[in-house]
Amino acid sequence: MAVLNAGIAQKALAGSDRIKCRTGDAHVKMMDITGHLAQEWRYDLNYSWCFNGTRITKIENVYTYGTGTWPWSFKGNLPGSPEFNPTPNSFTSTIFVQGDFEASLPVFHIGFRSRQPWIRLTLRADGKAMIEWRKG
């Protein structure tokens, strides 16, 4: 599990500026060939952020995890993931994560298939979150 905490300094706000906080989860999953019977793997991004309507005041508790069912296993995040550069007092902030899954036959130590799903999350100061993803 990769953990990233990046708080953005929070200044004293005028009485009319109310800070609200939200927590969310974004995920990508691969289902079996039928698309309904079983989940082969799932890659999750959890996050929390605070905002006042005009700027993001804090982003924290950003972490990823992956789960897989045989023959899939989660190998971790790819190098450089998560990519996260918060900009103090900005209206938006983007987080990019990319995982690594491998299907293998452990007896023969052979990996025969891999996937690198990714999630791009854009958090906004109005409380909205936009999510893009690919199964990789």
Listing of strands (runs of 3 or more DSSP E) fully contained in the stretch 10-95 that carry 3 or more residues being at pLDDT 85 or above and of a type in the set (Lys, Arg): 20-31
Checking Thr54 against (1) on the phi < 0 side of the Ramachandran plot; (2) surrounded by fewer than 20 Cβ atoms within 10 Å (Cβ to Cβ); (3) under 11 Å from the mean Cα position of the chain (by Cα), the condition it does not meet: (3)
Leading residue by the ranking (surrounded by the most Cβ atoms within 10 Å (Cβ to Cβ)) among those in the stretch 21-51 that are of a type outside the set (A, V, I, L, M, F, W, C) and more than 30 Å from Asn89 (Cα to Cα): Arg42
Every pair of residues 6+ apart whose Cβ atoms lie under 7 Å, when the first sits in the stretch 72-86 and is over 14 Å from Ile119 (Cβ atoms) while the second is part of a loop (DSSP other than H, G, I, E, B) and hydrophobic (A, V, I, L, M, F, W, C): Pro86/Ile8
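The values are calculated or read from the model by the stated rules, or taken from the named source; none is laboratory data. Treat the numbers as computed from the prediction; the structure is a model and nothing was measured. In this analysis, Cβ positions are derived from the backbone assuming ideal geometry, glycine residues included, and neighbour counts consider all displayed protein chains.
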